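The values are calculated or read from the model by the stated rules, or taken from the named source; none is laboratory data. All figures in this text were calculated on a predicted structure; none of them were measured in a lab. Positions of Cβ are backbone-derived with ideal geometry, glycine not excepted, and every protein chain shown enters the neighbour counts. These area figures cover heavy atoms from the full protein model, side chains too; ligands, DNA and RNA do not enter into them. Shrake-Rupley method; radii C 1.70, N 1.55, O 1.52, S 1.80 Å.
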Amino acid sequence: PPRSRLTDAEIETRIRTASDAIERMGIIVSDLVTLTRLGRQAEEIETVDIEEVIRRAFSAVADSQATLATVSPGEIQADRRRTEQLFENLFEFCLRNDATAVEVSQTPGTLVIEDDGRPLSDTDIDRAFAYGQAVPDAESGLLLPVVQTLAEAHGWTVDVDSTYDGGVRFVIRH
């Protein structure tokens, strides 16, 4: 049978679809390069005043409506720049998840970050740190994978506490 000719509109739609796919591939490659760069072992380890890092990170991403509280902040051994970036991404996630208040507390070996935003569903908790997942929305896509990558570069772990229902609670063990 003879092949039918595509209309100009069909051709334009196919070109647009291919162009969108190429753009998405470029974003994915860029994201993977970023994750690889951030995932390198943290080497510039020093004694870091965690409250100073937390306050700088929060002020970099928060608006005047959001509040930050710290409980028993002290010092940790960390790469200052990467730790600040970790908290910037974490706080940006909290704010995108409708948090208006964030509290960071420190106990020996643990940092706990609690917000008053929307609690994550069990499904969202399971995929929160997975690259390419839209938790809580598409704009937040790389925030938590970067947090996890930066934590792992220090030899730390980061988890979402599924028992907390007042928002979202992150637990970083260092």
Checklist entry - Any idea how many residues of the stretch 60-118 are within 21 Å of Glu44 (Cα to Cα), in contact with a helix residue (DSSP H, G or I) (Cβ under 7 Å, 6 or more places away or on another chain) and of a type in the set (Lys, Arg)? => result 2
Checklist entry - Of the residues Thr17, Thr47, which is hydroxyl-bearing (Ser, Thr, Tyr), open to solvent by 40 Å² or more (accessible area, probe 1.4 Å) and modelled with pLDDT of 90 or more? => result Thr47
Next on the checklist: If I filter the stretch 125-148 for residues that are within 23 Å of Thr47 (Cβ to Cβ) and free of Cβ contacts under 8 Å to residues at least 40 places away in the same chain, do I get at least one hit?
Outcome noted: no
Next on the checklist: Please go through the stretch 102-123 and give me each residue that is surrounded by fewer than 16 Cβ atoms within 10 Å (Cβ to Cβ) and either under 16 Å from Ser162 (Cα atoms) or within 17 Å of the chain's Cα centre (by Cα) (or both), ordered by number.
Outcome noted: Arg118, Ser121, Asp122, Thr123
